[in-house]
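Read through the structure below, which is laid out as structure tokens, and then see the notes.
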């Protein structure tokens, strides 16, 4: 007779955590959002339950989850409250720095049934520990939305990753985490670089750089910049290459 505990039924409302759980605890996921795009094939048993901001709470409850994964920034407090009021355990993560991401990932994966060391997390720590410290960081504006323009402000995970890669966020001391800044102000901001991720707004070579004439533009993979999961193993190399290419 098996002495192993029954596998937990997990619904993830956070794309980063969906990827982490799928890779680390195969078979645990029974539900995920429409925005959970990695891995590309979550399997036929994983039900889509709407978006991160508008999950179908009854659909989540119908899956009889043992645990729902959420994030204080990506998911709405009323949805979390509704799930808890229905008797479902909800684990809510908070991630503002790389080190916090590792701690929250470890907590989440343990709650989902992971046992022992997680190899990809060891690899990710090693990849980030190998990033050289630059004496003279480049100052940059980092838009995350257009119409209206919004940029990275204080205390963001993406801002911490960029800092570790030698990029100082021009709005890191702003009172808001994602301030709305008019394009006229962005034009006169003291920054030599604009960093344009392809999510949440999909900046491209034709949509974004033209708004910042005379300033170097780095088009970066938004998943590498904003997701905390297995992508962290490749993020230093991928982001670093894009930033170096823009500054040549």
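The table below lists the values:
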item	result
Computed lengthening from residue 54 to residue 76, 0.36 nm per intervening residue step minus Cα-Cα distance	7.1 nm
Whole-angstrom gap from the range 73-100 to the range 126-196, using each part's C-alpha centre	26
Antiparallel DSSP beta bridges within the range 134-247, as percent of all bridges there, nearest 5	30
Among 133, 80, 60: highest mean-square fluctuation, GNM of the chain, C-alpha pairs under 10 Å	133
Part-to-part distance (alpha-carbon centres) for the range 27-66 and the range 198-229, which is given in Å	28
Within the range 1-78, percent of DSSP bridges classed antiparallel, to nearest 5	10
Protection proxy ranking of 102-109, 192-199, 114-121 - average other beta-carbon atoms within 10 Å, highest first	192-199, 102-109, 114-121
Most mobile of 208, 182, 31 in a GNM of the chain (Cα contacts under 10 Å)	182
For the range 10-116, the spread of Cα positions along each principal axis, largest first, Å	33, 29, 22
Order of 37, 156 under a 10 Å beta carbon neighbour criterion, fewest first	37, 156
Relative contact order, percent, the range 134-247 [alpha-carbon distance under 8 Å, six or more residues apart]	24
Of [x] 35, 20, 15; [y] 25, 22, 18; [z] 29, 20, 17, the label for semi-axes √(5λ) of the Cα gyration tensor in Å derived from the coordinates	[x]
For the chain: relative contact order, % (alpha-carbon pairs under 8 angstrom, 6 or more apart)	16
Theoretical ellipticity at 222 nm over the chain - DSSP helices of four or more residues, -39500 (n - 2.57) apiece, nearest 500	-9500 deg cm²/dmol
DSSP bridge orientation in the chain - percent antiparallel, rounded to nearest 5	20
Residue 168/residue 122 FRET efficiency (R0 45 Å; Cβ-Cβ; nearest 0.05)	0.95
Pair residue 248, residue 199: separation of 7 Å Cα→Cβ label points (nm)	2.8
Computed lengthening from residue 34 to residue 89, 0.36 nm per intervening residue step minus Cα-Cα distance	17.7 nm
Inter-probe distance in nm under a simple model that places probes 7 Å from Cα toward Cβ, at residue 206 and residue 187	2.4
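Every number here is computed from the coordinates shown, using simple stated rules; none is lab data. Keep in mind that what you see is a predicted model, and the values were worked out from it rather than measured. We place every Cβ from the backbone using ideal geometry, glycine too, and count neighbours over all the protein chains shown.
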